[in-house]
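Laboratory data are not the source of any read-out in this text; all were calculated from the coordinates shown. Model, not experiment: these values are computed from the prediction. FYI the Cβ positions are ideal-geometry reconstructions off the backbone, even for glycines, and counts take in every protein chain you see.
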Amino acid sequence: MERLPPDCASAIIARTMLDLTQPNSRRTLLIVPSQAAAERCTREALATHTILCGPAALTLRGLCDSINRVSGACGIMLSGIGMKMLLEDLVRRRYSVPEEGPGRPGHSPGFIDALASAISELKQANFTAADLVTHLPRLPRTERMTYLASLYGQYERTLAERGLIDAHDGEIMALRHLRDGGTLPGLFTDLDSIVVDGIYDLTAGQLSLLAELSRRLPVELRLPYSPEREGVYACAARTADAVESLDNSDLNLALTFEEPHGRFVTPLLAAVHDDMPALETEAPGLIAAPGPYRECEEIGRRIRRLMEGGADPSGIAVCFRTLEMYEEMMEDVCRRFSIPVSYRRGAPLATAALVRAALSPLVALKSDISREELAGLCGSSYLSFQEEPRAGEVEQVLSGSGYINDSLGTAEEKIGRLIARFKTKGKDSSREERVRRMLVPLLTDIRAFRGSRTVADFTLLLERFIKKYHIFERGISSTDRRILKRDASAIALLQQLLKDVARDAAVVGTADRAVTSGEYLELLREGMEGVCLSGERSSGVSILNFRDARGLSFPHLFVGGLNEGVCPAPHQGHALLKDSDKLLLRRLAGTRWLRTAREKGEEEPLLFWLAVSCATESLTFSYCYADSRGNQLLPSPYLEEILDKIQLREERSSVTNLTPEPEECMEPEELLNSLALRRLLEPSRLPAEMLPAAARINANAEVEAERELFFSASDRRTRDFTAGPRTGRLAGPAAVEELASYYSSPEGRCFTPTSLEEYATCPFRYFMRRLLRVDVQEKPDIELETRDVGSLAHLVLKEFFLRMQREERLPLRDLQEALRILHEVASGAFRWWEENRHTGESLLWEMEKESLLPLLERLVELEVATESPFIPYAFEHKIDPPLQVADETGESILLCGQIDRIDIDKSRQCVKVVDYKVSGNGDKFRTLLKKSSLGDTSFQIPVYLLAAAQLLETEGVGKPSDFAACYWLLRKSAVLEKKFRGDEKEDFTGFLDTDPGIRRTLGTDNFLNRLCAIVRRIRGGDFQVTPAECGYCDFSSVCRYVPVNLKDDQGVSTGSNA
């Protein structure tokens, strides 16, 4: 076969053009990987020939659809939403889960997604439910596989009973039509051959379809491959093996192999794999950025430079392995930098401003009607109000009233209090009253979406909202023809989507099922996937993933996101259809179509090199050397392979250089910030309309200068001196007075070890959670969170030891009897949890119980086997009354909490506290038991020991003279013990003493003195943004922490995050 031209993507077109221009030639139909590649082939063929007898290229999906149109195959096509609705209904019916409650499968979309993907994998491999049931007896007996086979069978039967078909059935019906000798579509008239180019990841059904077509006319399957580089082409080799294993003389199916060629891909492949010399062409560029968004910004700046140099935006593309993390960021950068973006099939429906306005009440509810969402909704040009708000006034009033979201006080209440304060002070409140009048009916309409309803009821509510606020009327009132066409398309597609969702609910039998507003919103979002607006196809920069870029070419290409863990994309084993199951099923069925996670990963190097092959004039790689949290990131192994062979000039943007130089700014806001930062934004030189913005920016610049001074401090003393309200230290009279009032109240005086540890870990997070009471509302997961598993383990162990104590079976001696009682107690605890707490998806809950019980059994076994003088005495003991501690200032501190277990050794007057931990991280808990950590970052064990001593003395057992503690690490079945005695390594003499006189002589060598020092900082309003180790929690966007290597008073480094 002749060699392809250097421009790999154009080679497809060139070969097709050659076929079309030969004398007396008939047509060749090209099958390509994506709709974008098919459209490009057809456009270029049309430009060459003016008239085409049919499409020059199709996708495999388009091929199946064309065959099914002439086959007369009937059935209602089930959308992806419909499939998930049906599966959720089947799961619910199987377990008879009530409509409401923590175990409802509808609260587990992740599990339904996993179930849908498992069934899809089986169908793609031509595995029917009957096949799975046949092989089930020969598989290791697990409830998971039995469950999957049963649901798959129910799914198939339900489709057949209701006359439904899903996306995978399209291939099956097309194949059946061909095997039955059915006629071919009209587009096959005068076809000489079919060429499949660039598709190397065929499924079993797709290969069977092509094989059946090859009985009618020649089919050529072109695969990217080179025997010298098998590691790159392993996935294509697997497809080639499958083709060659067909072994049927009736098939006219030919395999041809060709390695990708291009200006950059050819020399780079040679350099990496063949140790060839440096590139003859211009070397690719390399961008290194501190975080994904900064990476997108750097790419955007270079795109702007290309455009300013005369480059056509349609000849520029940005490729990422996956768009999941990068698409929104890249689009936002393009919007800010005035870079046109091309949507090859039109802009996604979900991005239309009209659609966002129509769905705004659902989105607002998801954020608990947050201030940002509410202000954005009021500022939308698509909503019509009786009294139109002025620009920015809703946001100003909401901010002035202190409104955050509905759960922390409604907007009506907050604004009402603000109006009352204004009237008391004689201030004008007309603006606030106007905003309140506007918000009251709007908030009433938004809250109407709360609760659970049927899909039809939610659709009716949404249509009423759209009508009441004239959203569609606003959309078609534009005088701009392009906007008018776009919004008209959005209206038509949204109306069709609402009908389709209602239809899917009806055909799968869930029309009467209640869903939450969040679930309804997710249904609509899923329905919008792949739906694009008409009239939005424009000339602009393409933003693509590697897979969609196959078969395309661009003069200027940026390949971004080249970091380890992103490219190559990680491939994890399936939660329901595990790799071990796939391997057994393949062996039993004699097929290799079910791919394991490792085999799916074989595609990754080829995807990367195919993306590189799209560049024809310039190529730029980019990666992040640090994430947004400051953690170091590694480049992709593919990029490292290139850097090992070729020296690329890296352009690295600094972490601290957040604002570019004025001449490098790409937008007005960026320029104003840059000028303000450099003290060049002088109000006297600005027009009047810019003065408010300039004042705001200058004020922000002063704030950032103060923060920069604080974070640049390299020692604690300097940082303490520079700390202020903007870096976590409260100093205003009102704030100090309020702090004093709170910490003198019964609630404020009482500290738990957990709250003290939170403060020691991060004072600012303590402030946000404990004082402001701001916390993130987490959506229940499909399985138990780690903390919930810990709570469940504590519940079982508490009930177990209490029963053993009542029956006088302590210490544990009879193992079999102890295990029997443990199982009884665990069953009761599990039942209580199912009735009162979140369990997640039913199957995963069963698996969680199965995994937890052996850990508890192991604890009992070790307790029985260990000869110990300690006897369990108290379980889940609440410290009540609180432990009272006197500070040197005369203030009293109350300590409260709950102790997992207290053991006593009466013979030695010794008390031991036992703390259960689900974690298996032994190093972490060894560190917490060190004397240097106790009273600094670790408070639980010492507080529990002192409280246990108080309990024993109160109950007449006697004052203990010796202390011990242990962490029981359940997942490791290990015990970490600590004795609080005086020895050479750690002398605990006096460390737990409570006598004020002795404590004064010990200073920081006493635990309570350390604790009191921490409490004094808390009461003094010291909540500096100086975490011991920053985990970049949900408040990181508020504190905007900058890691600096701090030194203590002696100049010793305390770590980068100290």
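With contacts defined as alpha carbon pairs under 8 Å and 6 or more residues apart, what's the relative contact order of segment 779-867 in percent?
Here the relative contact order equals 49 percent.
So, by mean Cβ neighbours within 10 angstrom, what's the order for 971-981, 287-297, 870-880, 549-559 with the highest one leading?
Listed from highest to lowest mean packing, they are 549-559, 287-297, 870-880, 971-981.
Under 5 Å between amide hydrogens, which residues at least 5 positions from Ile165 or on another chain qualify, with H placed 1.01 Å from N in the peptide plane?
Residues meeting the criterion, in which the H sits 1.01 Å from N, are Ile76, Met77, Leu78.
Show the residues, 5+ positions off or on another chain, whose built amide H is closer than 5 Å to the amide H of Phe621.
Gly285, Leu286, Ile287, Val559
Once both axes come from the Cα atoms, what is the angle between helix 143-162 and the longest principal axis of the chain, in degrees from 0 to 90, rounded to 10?
Roughly 50 degrees between the two axes.
Using the Cβ atoms and a cut-off under 13 Å, what net charge is assigned to the surroundings of Thr444, where Lys and Arg are +1 and Asp and Glu are -1?
Local net charge: +3.
Can you run phi through the Karplus equation (6.51, -1.76, 1.60; θ = phi - 60°) for segment 314-320 and list ³J(HN,Hα) in whole Hz, with x for Gly and Pro?
Result, rounded to whole Hz: 5, x, 10, 9, 10, 10, 10.
Rank-order 854-864, 788-798, 302-312 by packing density, defined as the average count of other C-beta atoms within 10 Å over each peptide's residues, highest first.
Top to bottom by mean Cβ count within 10 Å: 788-798, 854-864, 302-312.
What does the charge dipole of the chain about its Cα centre add up to, to the nearest 20 debye, if the Cβ of each Lys and Arg holds +1 and the Cβ of each Asp and Glu holds -1?
My answer is approximately 1880 debye.
Taking amide H positions as placed in the peptide plane 1.01 Å from N, state which residues far from Ile543 in sequence (5 or more) or on other chains have amide H under 5 Å from it.
Long-range HN contacts for Ile543: Val318, Ser342.
Using the Karplus curve 6.51 cos²θ - 1.76 cosθ + 1.60 with θ = phi - 60°, work out ³J(HN,Hα) for each residue of segment 440-450 in order, rounded to whole Hz, and write x for Gly and Pro.
Once rounded to whole Hz, the list reads 4, x, 5, 5, 4, 5, 5, 5, 5, 7, 5.
Quick check: net charge around Tyr766, other residues with Cβ under 11 Å of its Cβ, Lys/Arg +1 and Asp/Glu -1?
It works out to a net charge of +1.
In this model, which of Lys849/Lys931; Lys366/Lys849; Lys849/Lys972; Lys917/Lys979; Lys849/Lys930; Lys366/Lys467 are farther than 29 Å apart at the alpha-carbon?
As for pairs spanning more than 29 Å Cα to Cα, those are Lys849/Lys931; Lys366/Lys849; Lys849/Lys930.
Once you sort the root eigenvalues of the Cα gyration tensor of segment 830-876 as a ≥ b ≥ c, which label holds: rounded (a/c under 1.5), prolate (a/b larger than b/c) or oblate (the other case)?
oblate
Does segment 461-509 classify as rounded, prolate or oblate by the C-alpha gyration tensor (a ≥ b ≥ c root eigenvalues; a/c under 1.5 gives rounded; else a/b over b/c gives prolate, otherwise oblate)?
oblate
Karplus couplings for segment 576-587 from phi (6.51 cos²θ - 1.76 cosθ + 1.60, θ = phi - 60°), rounded to Hz, Gly and Pro as x?
9, 10, 6, 4, 5, 5, 4, 5, 5, 5, 5, 5
Report which label in (i) 1.38; (ii) 1.06; (iii) 0.99 holds the value of Rg/Rh (Cα atoms, Kirkwood Rh) derived from the coordinates of this structure.
Correct label, based on the coordinates given: (iii).
Which whole-number percent gives the relative contact order of the chain, counting Cα pairs below 8 Å spaced six or more residues apart?
13
Which distance in nm do the two modelled labels at Asp250 and Lys427 give, with both placed 7 Å along the Cα-to-Cβ direction?
Here the modelled spin labels are 8.7 nm apart.
Cα gyration tensor of segment 349-528, axes a ≥ b ≥ c as square roots of the eigenvalues: rounded (a/c below 1.5), prolate (a/b > b/c) or oblate?
In terms of gyration-tensor shape, oblate.
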